[in-house]
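Report on one structure; see the data block that follows.
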């Protein structure tokens with residue numbers, strides 16, 4: 001008798017458990033249907049500004065469809081390899097809004113993503129003559145300068161060799177391959193060593209600069225190398241020394257006064 005009661009009790013518990021499980025499942029199905037859940041991706045961690053989005057940055061979740069606005073990326077393929085905005089991070093748990101994610105070339109400072117350690121992006125105003133030919137981003141160029149002395153003599157020579165050209169833009173700041181570009185070069189962005197920024201600044205102020213396609217375009221071991229034995233380099237070094245002497249004399253005069 002006791003055994004029969006025990007079996008009946010266990011059967012009741014099992015049936016109740018099964019019924020509860022079925023009710024729970026039905027409830028979840030109804031809720032899911034009512035909420036119109038859809039799969040999308042959120043940030044699995046805080047993603048810093050100007051960072052490339054990788055698979056580990058993505059977490060697949062289900063959220064109500066009305067919660068995912070039309071300006072959100074919902075596909076992994078639309079996110080991988082893109083970059084976060086340069087002005088702010090994407091916090092963990094956030095959806096990926098289209099205003100927060102860009103292709104690398106769409107970033108306002110996209111040339112800087114091409115820089116190597118110790119390099120700076122130098123912008124040089126150019127025209128077809130200064131470009132010295134139909135150059136394209138990614139190509140290596142040699143930078144030449146010429147200076148006219150007071151006696152009308154000309155000093156010229158190479159400043160830097162095998163410099164990587166990372167962008168060519170029109171006067172609107174658009175890349176020349178942009179559909180809205182004027183296709184007329186106005187600005188060349190060069191990857192040079194940080195210590196050579198002042199060298200090019202001085203060369204621009206005192207003379208003319210021209211870019212010439214480098215003969216070492218495919219030699220990745222040499223990049224943005226200063227030409228130490230150039231007449232143009234010697235001229236700029238002498239001018240820099242003169243400026244320093246004049247500056248020191250002006251300071252001494254001010255101090256004496």
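Bear in mind that the values in this text are calculations on the coordinates, not laboratory data. As the structure is a prediction and not an experimental result, all values here were calculated from the model. Note that we place each Cβ from the backbone using ideal geometry, even for glycine, and neighbour counts take in every protein chain shown.
Worth a mention:
- Going by neighbour counts of Cβ atoms within 10 Å, the residues 44, 75, 70 line up, fewest first, as 70, 75, 44.
- Computed as a quarter of the hull surface, the mean projected area of the alpha carbon convex hull for segment 110-245 stands at 9.1 nm².
- Counted residue by residue at 0.36 nm each, then reduced by the alpha carbon distance between them, the extension gain from residue 56 to residue 98 reaches 13.2 nm.
- Exposure proxy ranking for 168, 155, based on other Cβ atoms within 10 angstrom of each Cβ and starting from the fewest, stands as 155, 168.
- Relative to the current alpha-carbon distance between residue 201 and residue 241, full extension at 0.36 nm per residue lengthens the span by 12.9 nm.
- Size of segment 37-106: Rg and Dmax of its alpha carbons, in Å, are 11.1, 34.
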